[in-house]
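Participant: Below are the structure tokens for one structure; questions will follow.
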Amino acid sequence: MRPKVFVSRIIPEAGLKLVREACDAEVWPDVMPPPYEVLTEKVKMVDGMLCTLNDRIDAALIEAAGSQFKIFSQMAVGYDNINAKAAHARGILIGNTPGVLTDATADIAFALLLAAARRIVEGMEYIREGKWRTWEPLALLGADLSGATLGIIGLGRIGEAVARRAKGFDMRIIAYSPSKKAEDVAKLGIELVSLDELLQQSDFVSIHVPLNDQTRGMINADALGKMKPTAILINTARGPIVDQEALIEAAKNGTIGGAALDVTTPEPLPSDHPLLYLPNVTVVPHIGSASQRTRDKMATMAAENLIAGVNGQPIPNQVKPS
Ligand code: NAP
Ligand code: GLV
């Protein structure tokens with residue numbers, strides 16, 4: 001009998017085709033994610049689920065899963081929406097899609113950095129508002145990248161890829177990543193520092209840690225207060241790593257120079273949210289991995305994890321029990 005699976009969104013055909021060839025697949029047809037109650041019903045019946053970061057897979061949902069259920073295959077690298085401890089306690093596998101989205105996400109982090117430094121969004125607004133009357137020696141002056149210090153919080157796959165991009169712009173790169181060794185990162189031209197040193201020295205701070213109990217609220221009012229008044233905060237990791245109310249205050253009162261965000265709290269951000277109306281804050285709607293090639297690869301990897309998992313085989317990319 002073919003394994004039964006639930007795919008919680010319409011994903012790129014590259015992955016969907018593999019799932020349909022190998023499994024009896026039900027695909028949630030809506031643009032919006034399935035309600036929690038639907039997920040709860042599905043885990044009682046299927047052998048595995050291909051899910052996204054929108055799906056809340058908490059302890060209660062995992063508890064509801066039938067004994068046949070084998071795998072949550074997440075089409076993302078971050079899996080903070082899944083209670084991994086509860087899944088692993090029941091012997092349920094978790095798959096994710098590391099690596100294939102590293103460059104695309106680093107590109108967005110760097111695009112945000114450049115956009116904020118050189119006031120790209122403000123510039124467009126300036127034209128729309130009819131303010132562009134001549135070439136102005138004093139208008140829309142931004143920050144230079146060359147010689148500036150970039151502080152990377154979390155020097156993993158994406159953090160390193162951002163550092164490689166920054167090298168090309170002649171930036172000085174420092175990082176806070178406790179498990180890394182100074183001699184290893186020195187080869188990449190990166191200096192390891194404490195979090196306080198990073199916040200105090202950086203002209204740009206870019207966040208690349210996973211969201212977990214240690215990193216939730218890591219960038220709070222106290223941390224923002226340690227940053228330079230000209231510094232720009234870039235977050236492409238997860239919204240709750242930053243205390244967003246504190247960030248709004250800091251961007252408004254000049255504690256920091258500004259921010260550029262791919263991730264927010266909540267997601268989606270309501271269109272009247274105050275964060276969207278600060279001239280020194282740029283926000284994009286969680287598009288870090290949103291390139292055609294990257295999404296095809298993520299869908300393929302998530303499909304391969306799902307198919308292996310429901311067939312009782314080792315999965316190519318497994319989130320290991322910690
Ligand atoms: P990764 O390779 O696991 O890198 C994460 C790094 O953070 C690791 O080096 C890790 O150190 C470090 N770290 C963990 N906890 C830390 C802490 N408390 N303080 C300082 N450093 C810490 O993951 P990745 O592939 O680069 O992805 C990073 C995150 O980016 C994902 O978890 C996801 O939330 C986010 N993301 C967002 C998008 C988007 O669309 N915006 C796309 C992809 C990923 P260890 O090596 O010691 O664990
Ligand atoms: C996207 O946010 C991911 O974690 O892959």
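Participant: What does the convex hull of the Cα atoms of the range 102-283 come to per residue, in Å³, rounded to a whole number?
Facilitator: Normalising the Cα hull of the range 102-283 by residue number yields 119 Å³.
Participant: Ok, one more. Over the chain, what is the percentage of antiparallel beta bridges among all DSSP beta bridges, to the nearest 5?
Facilitator: Here the antiparallel bridges make up roughly 0 percent for the chain.
Participant: Quickly work out the THR134-to-LEU114 label distance, labels modelled 7 Å from Cα along the C-beta direction, and quote it in nm with one decimal.
Facilitator: 3.1
Participant: Amide H to amide H, which residues 5 or more places from ALA231 or on other chains are under 5 Å from it, using H placed in the peptide plane?
Facilitator: So ALA231 has HN proximity to GLY257.
Participant: Once amide H atoms are built 1.01 Å from N in the peptide plane, which residues 5 or more positions from LEU93, or in another chain, come under 5 Å H to H?
Facilitator: Here the answer is ILE71, PHE72, since their amide H atoms fall under 5 Å of that of LEU93.
Participant: Additional query: Please report the equivalent ellipsoid semi-axes of the chain, computed as sqrt(5 x eigenvalue) of the Cα gyration tensor, largest first, in whole Å.
Facilitator: Ellipsoid semi-axes (Å, largest first): 38, 22, 18.
Participant: Where in the range 183-237 are there trypsin sites (Lys or Arg not before Pro) that are in a DSSP coil and have at most 12 other Cβ atoms within 10 angstrom of their Cβ?
Facilitator: LYS187
Participant: A follow-up question, please. What does the charge dipole of the chain about its Cα centre add up to, to the nearest 20 debye, if the Cβ of each Lys and Arg holds +1 and the Cβ of each Asp and Glu holds -1?
Facilitator: Computed about the Cα centre, the dipole is about 640 debye.
Participant: What is the helix-to-structure angle for 157-168, meaning the angle in degrees between its Cα long axis and the longest Cα principal axis of the chain, kept from 0 to 90 and rounded to the nearest 10?
Facilitator: For helix 157-168, the angle is close to 30 degrees.
Participant: State the dimensionless ratio Rg/Rh of the range 89-173 (Rg: radius of gyration of Cα atoms; Rh: Kirkwood radius).
Facilitator: 1.19
Participant: State, to one decimal in nm, how far the label point of LYS17 lies from the label point of GLN318, with both points 7 Å from Cα in the Cβ direction.
Facilitator: 2.9
Participant: Sticking with this structure for a sec: With n ≥ 4 as the cut-off for DSSP H runs, can you work out [θ] at 222 nm for the chain, using -39500 (n - 2.57) per run divided by the number of residues, rounded to the nearest 500?
Facilitator: -10500 deg cm²/dmol
Participant: Further question: For the range 122-136, in order, what is each residue's ³J(HN,Hα) by Karplus, 6.51 cos²θ - 1.76 cosθ + 1.60 with θ = phi - 60°, in whole Hz (x at glycine and Pro)?
Facilitator: Ordered by residue, 3J(HN,Hα) equals 4, x, 5, 4, 4, 5, 4, 7, x, 8, 7, 9, 6, 6, 10 Hz.
Participant: Counting only chymotrypsin sites (Phe, Trp or Tyr not before Pro) that sit in a DSSP loop (anything but H, G, I, E, B) with at most 15 other Cβ atoms within 10 Å, what is the longest stretch of the chain containing none of them?
Facilitator: Looking at the chain, 136-322 is the longest stretch - no exposed chymotrypsin sites (Phe, Trp or Tyr not before Pro) with at most 15 other Cβ atoms within 10 Å.
Participant: Calculate the length of the line joining the C-alpha centroid of the range 121-174 to that of the range 271-322, in whole Å.
Facilitator: Measuring centre to centre over Cα atoms gives 25 Å.
Participant: Once you have the Cα-Cα distance between ILE287 and LEU188, take 0.36 nm times their residue separation minus that, and quote the gain in nm to one decimal.
Facilitator: 32.9 nm
Participant: Please give the solvent-accessible surface of ASP144 in Å², to the nearest 10, using a probe radius of 1.4 Å with every protein chain present.
Facilitator: 110
Participant: Using alpha carbons only, how many degrees (0 to 90, rounded to 10) separate the axis of helix 13-22 from the longest principal axis of the chain?
Facilitator: For helix 13-22, the angle is close to 20 degrees.
Participant: Related question: Please work out the Kirkwood hydrodynamic radius for the range 42-106, using every pair of different C-alpha atoms, and report it in angstroms with one decimal place.
Facilitator: For the range 42-106, the Kirkwood estimate is 12.1 Å.
Participant: For helix 292-310, report the angle its Cα long axis makes with the longest principal axis of the Cα atoms of the chain; keep it between 0 and 90° and round to the nearest 10°.
Facilitator: The helix 292-310 is inclined about 30 degrees to the chain.
Participant: In addition: By how many nm would the segment from MET124 to LEU141 lengthen if fully extended, with 0.36 nm per residue of separation less the alpha-carbon distance?
Facilitator: Gain on extension, MET124 to LEU141, equals 4.7 nm.
Participant: Taking amide H positions as placed in the peptide plane 1.01 Å from N, state which residues far from VAL283 in sequence (5 or more) or on other chains have amide H under 5 Å from it.
Facilitator: HN-HN under 5 Å from VAL283: LEU261.
Participant: SER179 to ASP222: FRET efficiency via 1/(1 + (r/R0)^6), r the Cβ-Cβ distance, R0 22 Å, to the nearest 0.05?
Facilitator: Computed FRET efficiency for SER179 and ASP222 comes out at 0.40.
The values are calculated or read from the model by the stated rules, or taken from the named source; none is laboratory data. The model shown is predicted, which means the values in this text are computed figures rather than measured ones. Don't worry about glycine lacking a Cβ; one is built from the backbone with ideal geometry, like all the others, and counts go over all protein chains shown. We work out accessible area using only protein heavy atoms, side chains counted, and drop any ligands, DNA or RNA first. Shrake-Rupley method; radii C 1.70, N 1.55, O 1.52, S 1.80 Å.
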